[in-house]
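The values are calculated or read from the model by the stated rules, or taken from the named source; none is laboratory data. Note that the structure is predicted; figures quoted are calculated from it, not measured. Here Cβ is always computed from backbone atoms with ideal geometry, including for glycine, and neighbour counts include all displayed protein chains.
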Amino acid sequence: MAIFPIGLSSCALFSAAGFSSKGLPHTNVKGELISTISNTSTNIDHSTWHNLLQKYVDEKGMVNYKGFKNDRKAFDKYIKMLSENRPDHTWSVQEQLSYYINAYNANTVKLVLDNYPLKSVQSIDGATTKEFVSMGTKQISLGALENSILRRMNEPRVNFAICKAAISSPRLLNEAYTADAINEQLEYATRSFINSPKNIIKPESAQLSRLFDWYSGDFTGGSITIGEYINRYSEVKMKNWNNISFKEYNWNLNEKQ
C-alpha cells in the first residue's frame with residue numbers, strides 16, 4: 001500500500017482514514033517555542049535512542065538499518081520504554097513534541113526493520129494506517145501520530161523533524177529530540193532541509209520539495225505565503241513567489257550503502 005501524505009483537514013477525515021489520535025494529549029504551541037527543562041513526574045530518558053542514532057545514522061541522515069537490526073535488543077528496549085511512558089496532560093508542550101517526534105522516527109525505523117530487506121516503505125501494506133505504535137494501552141498508526149497529533153500542535157517545523165525513511169524525506173537527525181533543546185533542534189532541522197539540495201532556490205524561481213505542496217496549509221497559517229516562509233530560513237532569498245514548482249518525491253529507502 002502506498003503512502004499518501006494528506007493536507008491538514010478535519011478530525012472526521014483523519015478518523016475515516018484510520019488517523020485517530022485515540023485521545024492522546026497534544027498541546028498547541030502558543031507564541032514562540034522555547035526549550036525547557038523537563039518537569040514531568042516521569043523523567044523520560046531518550047539516551048538509548050540517541051546512542052543508537054549516533055551509531056547508525058550518518059551526518060546526511062542515511063541509515064544503517066543492518067546495524068539497527070543487529071542491535072535489536074537495545075532498540076526494542078527503547079520502543080518498550082516509549083510504550084510504557086505515554087504523555088499525559090501534565091507534560092509540557094516541549095516534552096510532548098520531543099516524545100512524539102522520537103516515537104514517530106523510532107517506530108518508522110521499526111517498520112523498516114520488521115519488513116527488512118526492502119527498497120521502499122511504499123511496498124509495506126498499511127504503512128501509515130496500521131495501528132502498531134504502542135503508547136500505554138493505546139495503539140495508533142504512524143498516520144495518526146503525524147496528522148492527528150504532531151501536525152495539530154501548531155508547530156510547522158515538525159514536518160522537517162519526522163523522517164519517512166525515504167530519500168526525499170527530511171533527514172533523520174542523528175540525535176534524539178529533547179525538551180531542553182527542542183526549539184534549537186527544530187530550527188536546525190528546518191534550516192538544514194530548506195537549504196539542502198532537496199530544494200533548489202533562486203531569487204527568481206524555486207523548485208521545492210513536494211512537502212511544501214502536500215502540507216502547504218501548515219506553512220501558510222497567519223496569511224503568509226510559501227515564499228515568505230521559505231525566506232525565513234533560506235540562505236538564498238526568493239523575490240518571485242509566483243514561479244514555484246515542486247520536485248518529484250523519491251520514496252526509495254534512505255539506507256546507507
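Residue check: THR90 meets all listed conditions (1) within 27 Å of LYS30 (Cβ to Cβ); (2) out of contact with any helix residue (DSSP H, G or I) (no Cβ under 6 Å at 6 or more places or on another chain); (3) modelled with pLDDT of 95 or more; (4) polar (S, T, N, Q) but one, namely (3).
Applying the selection to the range 12-34, what residues are under 18 Å from the mean Cα position of the chain (by Cα) and either modelled with pLDDT of 80 or more or among the hydroxyl-bearing types (Ser, Thr, Tyr) (or both)? Within the range 12-34, SER20, SER21, LEU24, HIS26, THR27, ASN28, VAL29, LEU33 qualify.
Conditions tested, residue by residue: (1) farther than 20 Å from ILE162 by Cβ; (2) among the charged types (D, E, K, R); (3) touching a residue at least 24 places away in the same chain (Cβ under 8 Å).
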| site | (1), (2), (3) |
| --- | --- |
| TYR215 | no, no, yes |
| SER223 | yes, no, no |
| ILE226 | no, no, no |
| ILE230 | no, no, yes |
| TYR233 | no, no, yes |
| LYS237 | yes, yes, yes |
| TRP241 | yes, no, no |
| TRP251 | no, no, yes |
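Based on what the data block shows, is SER47 among the polar types (S, T, N, Q) and at pLDDT below 85? Judged against the criteria, SER47 is not a match.
Residues in the range 158-184 that are under 9 Å from the mean Cα position of the chain (by Cα) and outside any loop (DSSP other than H, G, I, E, B): VAL158, ASN159, PHE160. Set side by side, the residues GLU235, GLU187 differ, and just one is modelled with pLDDT of 95 or more, assigned to a helix (DSSP H, G or I) and among the acidic types (Asp, Glu), which is GLU187. Being of a type in the set (A, V, I, L, M) and under 25 Å from GLU59 (Cβ atoms) narrows it down to one of LEU145, LEU173, so name that one. Just one listed residue meets the conditions, LEU173.
The conditions of being at pLDDT 95 or above and either surrounded by 14 or more Cβ atoms within 10 Å (Cβ to Cβ) or in contact with a Lys or Arg (Cβ under 7 Å, 6 or more places away or on another chain) (or both) are not met by SER245. Taken over the range 172-186, the criterion of being touching a helix residue (DSSP H, G or I) at 6+ places or on another chain (Cβ under 7 Å) and either surrounded by 18 or more Cβ atoms within 10 Å (Cβ to Cβ) or farther than 21 Å from LYS55 by Cα (or both) is satisfied by LEU172, LEU173, ASN174, ALA176, TYR177, THR178, ALA179, ILE182, LEU186.
The set of residues in the range 170-229 that are among the small types (Gly, Ala, Ser) and in contact with a Lys or Arg (Cβ under 6 Å, 6 or more places away or on another chain) contains only SER209.
Residue check: GLU84 meets all listed conditions (1) among the charged types (D, E, K, R); (2) within 20 Å of the chain's Cα centre (by Cα); (3) modelled with pLDDT of 95 or more; (4) surrounded by fewer than 16 Cβ atoms within 10 Å (Cβ to Cβ) but one, namely (2).
With the condition kept exactly as written, say whether any residue in the range 196-212 is farther than 19 Å from ILE101 by Cβ, at pLDDT 95 or above and among the aromatic types (Phe, Trp, Tyr). The answer is yes, given that some residue of the range 196-212 is farther than 19 Å from ILE101 by Cβ, at pLDDT 95 or above and among the aromatic types (Phe, Trp, Tyr).
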